[in-house]
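**Student:** Here it is, the structure, as structure tokens.
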Amino acid sequence: MYELGFALPQLQVAFNDPVTHRRYRADFMWTLPNGIQIVGEFDGRQKYVDEGMRNGLTVEQVLEKEKARESRLSIYDVRLLRFGYAELMNPAYFKKLLTEFGVPRR
């Protein structure tokens, strides 16, 4: 992100789930001058394929938890930008993605 000219994000920003009172951490967050927040989530595959990371859950259960988490983040009216390793490895695409979501430049 930095090498592409974007502003440094805040890292591991905590959000409280008002329904379950769980605490979620967003990987990246930028706050625009108008107060809009852009939350960036890096999606790795490991949490789906590695049984040890699933803590006894099925892949379907992991996906259900992920959907619920995303739903709770939406309560805060954030722009949610999800990306994976393939997007990171394509700088032109990743730059376009960040630009279209409004991630500020440095």
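Bear in mind that the values in this text are calculations on the coordinates, not laboratory data. This is a predicted model, so every value here is computed, not measured. As a convention, Cβ positions derive from the backbone with ideal geometry for all residues, glycine included, and neighbour counts pool all protein chains shown.
**Student:** What order, most packed first, do the peptides 24-32, 6-14, 94-102 have when packing is the mean number of other Cβ atoms within 10 Å of each residue?
**Tutor:** In descending order of packing, they fall as 24-32, 94-102, 6-14.
**Student:** Using the beta-carbon distance between LEU80 and VAL49 and R0 = 41 Å, what value does 1/(1 + (r/R0)^6) give for FRET efficiency, to the nearest 0.05?
**Tutor:** Numbers: r = 23 Å, r/R0 = 0.56.
Once the sixth-power term is evaluated, E becomes 0.95.
**Student:** Can you tell me the FRET efficiency between LEU11 and PHE101 if r is taken as the Cβ-Cβ distance and R0 is 25 Å, rounded to the nearest 0.05?
**Tutor:** Approximately 0.90, to the nearest 0.05.
**Student:** Also, quick follow-up: Classify region 44-106: rounded, prolate or oblate, from the alpha-carbon gyration tensor (a ≥ b ≥ c, eigenvalue square roots; a/c under 1.5 rounded; otherwise prolate if a/b is larger than b/c)? Don't jump to the answer; show the numbers that get you there.
**Tutor:** Working: a/c = 3.81, a/b = 1.52, b/c = 2.50.
Here region 44-106 falls in the oblate category.
**Student:** While we're looking at this one, here's another question. Rounded to the nearest 20 Debye, what is the dipole magnitude of region 10-101 about its Cα centre when Lys and Arg each give +1 and Asp and Glu each give -1 at the C-beta?
**Tutor:** Computed about the Cα centre, the dipole is about 160 debye.
**Student:** Round to the nearest 0.05 the FRET efficiency obtained for LYS67 and LEU32 when R0 = 25 Å and r is the Cβ-Cβ distance.
**Tutor:** On the way: r = 26 Å, r/R0 = 1.04.
It comes to 0.45.
**Student:** Something else: When the Cα centres of region 63-104 and region 1-30 are compared, how far apart do they sit, in Å?
**Tutor:** When both Cα centres are located, 11 Å separates them.
**Student:** For the chain, report the translational diffusion coefficient in µm²/s to the nearest whole number, using Stokes-Einstein at 10 °C, 1.306 mPa s, and a Kirkwood Rh over Cα pairs.
**Tutor:** 106 µm²/s
**Student:** A follow-up question, please. Taking amide H positions as placed in the peptide plane 1.01 Å from N, state which residues far from PHE6 in sequence (5 or more) or on other chains have amide H under 5 Å from it.
**Tutor:** ARG106
**Student:** Count the DSSP beta bridges whose two residues both fall in the chain, then state the antiparallel fraction as a percent rounded to the nearest 5.
**Tutor:** Working: 11 of 17 bridges.
Counting DSSP beta bridges with both partners in the chain, the antiparallel share is about 65 percent.
**Student:** Moving on. Amide H neighbours of GLU41 under 5 Å, counting only residues 5+ apart in sequence or on other chains, H built in-plane at 1.01 Å?
**Tutor:** Amide H neighbours of GLU41, under 5 Å, 5+ apart: LEU81, ARG82, PHE83.
**Student:** Order of 62-68, 38-44 by packing, highest average Cβ count within 10 Å first?
**Tutor:** 38-44, 62-68
**Student:** Counting helices only, and only those DSSP H runs with n ≥ 4, report the 222 nm mean residue ellipticity of the chain as the sum of -39,500 (n - 2.57) divided by its residues, in deg cm²/dmol to the nearest 500. The partial results should precede the final answer.
**Tutor:** On the way: 4 runs with 35 residues, N = 106.
Mean residue ellipticity, 222 nm, calculated: -9000 deg cm²/dmol.
**Student:** Is the C-alpha gyration tensor of region 9-59 telling us rounded, prolate or oblate? Criteria: a/c under 1.5 is rounded; beyond that, a/b larger than b/c is prolate, otherwise oblate.
**Tutor:** Oblate is the answer for region 9-59, as a/c is 1.5 or above yet b/c matches or exceeds a/b.
**Student:** Helix 91-101 versus the longest principal axis of the chain: what angle, 0 to 90°, nearest 10, using Cα atoms?
**Tutor:** Approximately 90 degrees, to the nearest ten.
**Student:** May I pose another question? Using Cα pairs closer than 8 Å and at least 6 residues apart in sequence, work out the relative contact order for the chain, in percent.
**Tutor:** That works out to 31 percent.
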